[in-house]
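Computed from the coordinates by the stated procedures, all read-outs in this text should not be read as laboratory data. Note that the structure is predicted; figures quoted are calculated from it, not measured. Cβ placement follows ideal geometry from the backbone for every residue including glycine, while neighbour counts extend to all protein chains displayed.
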Amino acid sequence: MTALGLALSPLVRADQSVTLAWNPSPNASVAGYLILSGADGVNFGSQVNAGNNTSWTVAGLQPGSTNYFEVVAYDTNNVQSPPSDPIKYVVPAATQLVMQTVAVQANPSQAGAVNGGGSFATGSSVTVTATANSGYTFTNWTENGIVQCASPNYSFTLAANRNLTANFTANSTGNSSPSTAAPSVATLPATSVSSANATLNATVNSNLSATTVYFEYGPTTAYGSFTATNTFSSGLAQAQTVALSATALQPGATVHFQAVAQDSFGTSFGGDMAFVTPAAGPLVSSVLAQFVSVGSTLLVTNTVSGASDCVAGLTFCLGADAPAGSSISSAGVL
């Protein structure tokens, strides 16, 4: 009998299979072939009758296992030939897949349908889709307030968890009659963020009805604080922007916020966004008024107790070109 050949089959299950092939015996009395297998190349305790086939797929091999195979021919009296030379096959070890999650949502929630979210293996190609409902137009995909794609079909290679928002804009009705739908609103990233204040932004489509907009904000999505309100009573046929101040923020803190729009038909929420306020800088206590000659310097040192609060001396200079009667502050020459 000629030597046994080996060909790998495609991976089709969590276990694996291997396809064996051999040349037929030239002996006309051969009725079929037996495939013998074992784990050490010496003991072949398992056998499969391959009939008169000259190739056979052995399934159910476990990942990481070592397998030896040999083939014998048999005749109608079940007399067996000497075995072929054994062949060794090591099944590749199973690879543990790292999974990532893609979350998708529509903003406003009633404006359209989103698909494509779920759990996927790291490195997978993922496509998410957004379909606008009647009366709305798709705007873009954003993540954490940053635009990711302007097409409703967004494809990307998944490297980490994603949280994507499909944004929609309500279409103008093209007439002067108010609709009977609640206004639509979309929260936008905050601007002018300082350690104590920030400007919160949104776009609102009032659906031709007078609409009041405000923001709720706080350290969590439970919010707890509110901005002033802004009421739109003109220009109601198109989307408008709103910017309102959030005050009394804590330095170095995470602030969640969302826009809220209300009219006589209902209330809409723009979706949560967040930002982090910068840490507060060192403070220099005020000092009593001092007379400083033109061209002199004044050294002001923070004397707040505690090593972590102390800062180097701050120097202010009253230049020779300063007008008579000028004084110095942290803002410069007054």
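Work through the residues other than Val42 whose Cβ is under 15 Å from its Cβ and net out their charges, Lys, Arg +1 and Asp, Glu -1.
-2
Quickly work out the Thr157-to-Asn144 label distance, labels modelled 7 Å from Cα along the C-beta direction, and quote it in nm with one decimal.
About 2.1 nm separates the two model spin labels.
Arrange the peptides 79-85, 111-117, 254-260 so that the one whose residues have, on average, the most other Cβ atoms within 10 Å appears first.
254-260, 111-117, 79-85
Rounded if a/c is under 1.5, else prolate if a/b beats b/c, else oblate: with a ≥ b ≥ c from the C-alpha gyration tensor eigenvalues square-rooted, which is segment 184-276?
Because a/c hits 1.5 or more and a/b exceeds b/c, segment 184-276 counts as prolate.
I'm checking a number: the convex hull volume of the Cα atoms of segment 1-152, normalised per residue, in Å³. What is it?
171 Å³
Hey, what did segment 99-170 get for relative contact order, percent, Cα under 8 Å, at least 6 apart?
Worked out over segment 99-170, it gives 40 percent.
Net charge around Tyr68, counting only other residues with Cβ within less than 11 Å of its Cβ (Lys, Arg = +1; Asp, Glu = -1)?
Neighbour charge sum, excluding Tyr68 itself: -2.
Take the alpha-carbon centre of segment 200-253, take the same for segment 27-54, and report the distance between them in whole Å.
Cα centroid to Cα centroid, the span is 78 Å.
Given a cut-off of under 8 Å on Cα pairs at least six residues apart, what relative contact order in percent is computed for segment 132-248?
Reported as a whole number, the value is 22 percent.
Would you list Leu164, Leu158 from fewest to most Cβ contacts within 10 Å?
Fewest-to-most ranking of Leu164, Leu158: Leu158, Leu164.
With a sphere of radius 15 Å drawn around the Cβ of Ala130, what net charge do the other residues whose Cβ falls strictly inside it have (Lys, Arg +1; Asp, Glu -1)?
Result for the neighbourhood of Ala130: 0.
Is segment 4-90 best put as rounded, prolate or oblate by its Cα gyration tensor, with a ≥ b ≥ c the root eigenvalues, rounded for a/c under 1.5, and otherwise prolate when a/b is larger than b/c, oblate when not?
It comes out prolate by the Cα gyration axes.
Counting only C-alpha contacts under 8 Å and six or more residues apart, can you give the relative contact order of segment 4-90 as a whole percent?
The normalised contact order for segment 4-90 reaches 32 percent.
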